[in-house]
1. I'm trying to understand the selection: among the residues of segment 41-82, which are in contact (Cβ under 8 Å) with a residue 24 or more places away in the chain and buried (at least 16 other Cβ atoms within 10 Å of the Cβ)?
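The values are calculated or read from the model by the stated rules, or taken from the named source; none is laboratory data. In this text the structure is predicted, and so the values were computed from the model without any measurement. Methodologically, a virtual Cβ is constructed for each residue, glycine included, from the backbone with ideal geometry; neighbour enumeration extends over all protein chains shown.
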């Protein structure tokens, strides 16, 4: 009986689960970053409408949201990679 040298070794189910778990973690980081940016951008937009700041509130909200989102992402990545 001949064996095929090209056969794949049996897959370990734990390895697949680990990759899926990491993917979900990294995906949640992206959602947090985008969410923080959108929420603070919206708050800045509403402040623009209320106080007539033209677009400075929106710009400030977006920059603050991106900064906080990036800070949260870096903090969570440090926890994941420990």
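1. Taking segment 41-82 as the starting set, the residues that turn out to be in contact (Cβ under 8 Å) with a residue 24 or more places away in the chain are 41, 62, 64-66, 68-70, 72-73, 76-77, 80.
The answer is 41, 62, 64, 65, 66, 68, 69, 73, 76.
Yes/no matrix, rows are residues, columns are (1) within 14 Å of residue 26 (Cα to Cα); (2) at pLDDT 95 or above; (3) more than 15 Å from the chain's Cα centre (by Cα):
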{"residue": "39", "(1), (2), (3)": "no, yes, no"}
{"residue": "54", "(1), (2), (3)": "no, no, yes"}
{"residue": "59", "(1), (2), (3)": "no, yes, yes"}
{"residue": "66", "(1), (2), (3)": "no, yes, no"}
{"residue": "76", "(1), (2), (3)": "yes, no, no"}
{"residue": "80", "(1), (2), (3)": "yes, no, no"}
